[in-house]
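See structure below.
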Amino acid sequence: MRGRSLRFRMMLLFCMVVGGLLFSTYAIIYSIFARELRAQLDRELSEAAMPMVADLAANAPEEDVFQLDLPDQYLELLDSSGQPLNMSRNWREHPIDVGSLSFSGNEPLFRTVKGDRGPLRMELIPFQLVKRPVVLAIAGPTRDIDIVLQHFRQVLMILLPVSLVLTGAISTWYVGRSLSPIAELTEHAARLTRAIAEPGQIDMKTPRLVSNSPDELGGLAATFNELFARVIAVFQQLRQFVSNASHELRTPLAVLQGETELLLSERRAPEEYEKTLEVIHGELRHLSRIVEGLFTLSMADAGQLRVANDDLYVNEVLEEACEIAVPLARSKGISIEQNLQSEIPSKGDESFLRDLFLVFLENAVKYSPPNTRIKVNLSRVNGSARVQFQDQGIGISPEHVPHIFERFYRATGSDSVEARGGGLGLAIAQAIANAHGGRIECDTLPGRGSIFTVILPLTGAPTAFHA
Ligand code: ADP
């Protein structure tokens, strides 16, 4: 509605400006044309009068001149006070008022006067007749000019509204075309709002705005496309996160509920209580790990988690992480082969870095079959510490790789694995790596194994902890 009124206002303004311009142009053309026609008539009067003035001045008999009875040509000879001396017959039949006579020098006077048969154009020429100042008045009707001008006016009266209508049509089309991306934008924004308000009802895949023009509107459309894409992506991620989180929490809660209900249903032997409590303890650990992970990530999102900037040796932190992981690996018959080069001093948060390395070690154990080998490599490359975790596990299909760092995302293949983690390991690992100015790379082949590489710059001090 608002778009329509803007369109109407723009169109009205456009029509008014163009209409005003057209009107002034036509008015100027008309006045130039009318002036030109009158000048032409004046020239014709002068051309007709000149030989008569010459004849009279050369003492030609006045009668010869005034007996000339030319149609539409009126002649009169006046003395300097304006008294008529002689006149053509048609002047006598249709008297014409000459008006006042006031010449500047010998310059002739032109004026338009009213005759019995309509308006006349008159030229008054002062000259000497036998040393006596006289005036020759010659007049002709302006009828022809008036007819031509009247026709011209009629044409303009038709042309003006026609051009206004055409201008209106063109401006409606042009303004509508120019504003269509804005209307489209409004429609997109409304659709997105509806999609967010009623997620189940409307498809979140809003089509892209179409404006390929390289102008400001094209730029606006491109910016909004990006904005819409981001809003939709964030919204979908949020939705996915909520669904995944509730799913993750529901499973251990269901186990807890089932176990406790079973335990309370009747009296049990002490060993049974002990066994069930162990299960409950395990599930509670799992739950608290998820909740802790979520808390860490939410603090990171809010920029409220800070990492220490202590002096440390990357090789030592990595060695400690391996030591922690060894019992877990051994329980599956997996060996951890460490190839840690010389000492690599750096700055960072020892505790966070240990957690970071443990994520990869635990994943490598979780997603590898028993009796395989995990290789841990540490090297210094271009001022960075490069830590590589290579396993002989199940690997990850290429379509899942871009998502494994998302919260609670699971590659389908890993569903079959019994020992599943909280689903936040890699998300937390990435947050820790980012906070240390580093990054993580993943190279994997389904069925063959994975290599996760953590690259940590050795010079950079840790920044605010961001997920
Ligand atoms: P989880 O707790 O499920 O392990 P993570 O964030 O640590 O959550 O990992 C996300 C997903 O990435 C895992 O569910 C698994 O599908 C995949 N993944 C991670 N590490 C490996 C690995 N070494 N081998 C195979 N798949 C892995």
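The values are calculated or read from the model by the stated rules, or taken from the named source; none is laboratory data. Not measured: the values here are computed from a predicted model. All Cβ positions, even for glycine, are placed from backbone atoms using ideal geometry, and neighbour counts span all protein chains on display. Just the protein is used for accessible areas: all its heavy atoms, side chains included, with ligands, DNA and RNA removed. Shrake-Rupley method; radii C 1.70, N 1.55, O 1.52, S 1.80 Å.
Modelled with pLDDT of 85 or more, out of contact with any Cys (no Cβ under 9 Å at 6 or more places or on another chain), over 21 Å from ASN106 (Cα atoms) and exposed (fewer than 11 other Cβ atoms within 10 Å of the Cβ): does that describe ARG2? Criteria not met by ARG2. Annotation note: Cβ proximity below 6 Å between a residue of segment 161-183 that is in contact (Cβ under 8 Å) with a residue 60 or more places away in the chain and assigned to a helix (DSSP H, G or I) and a residue that is among the β-branched types (Val, Ile, Thr) and open to solvent by less than 60 Å² (accessible area, probe 1.4 Å) (sequence gap 6+ or interchain) occurs for THR167/VAL18.
When ASN382, ASN377 are checked against the criterion of being over 27 Å from LEU238 (Cα atoms) and free of Cβ contacts under 8 Å to residues at least 24 places away in the same chain, ASN382 stands alone in meeting it.
Residues that are part of a loop (DSSP other than H, G, I, E, B) and not β-branched (Val, Ile, Thr) were ranked within segment 367-385; the one that is nearest to the ligand (Cβ to nearest atom) is TYR367. Set side by side, the residues LEU277, LEU297 differ, and just one is open to solvent by 90 Å² or more (accessible area, probe 1.4 Å) and either among the aliphatic types (A, V, I, L, M) or in contact with a Phe, Trp or Tyr (Cβ under 6 Å, 6 or more places away or on another chain) (or both), which is LEU277.
Of all residues in segment 92-105, those that are farther than 13 Å from LEU77 by Cα have Cβ atoms under 7 Å from Cβ atoms of residues that are in a loop (DSSP other than H, G, I, E, B) and open to solvent by 80 Å² or more (accessible area, probe 1.4 Å), 6 or more apart or on another chain, in HIS94/ASP116; HIS94/ARG117. Considering SER351, SER342, SER346, which residue is buried (at least 17 other Cβ atoms within 10 Å of the Cβ), at pLDDT below 95 and away from the ligand (no atom under 15 Å from the Cβ)? Answer to the check: SER346.
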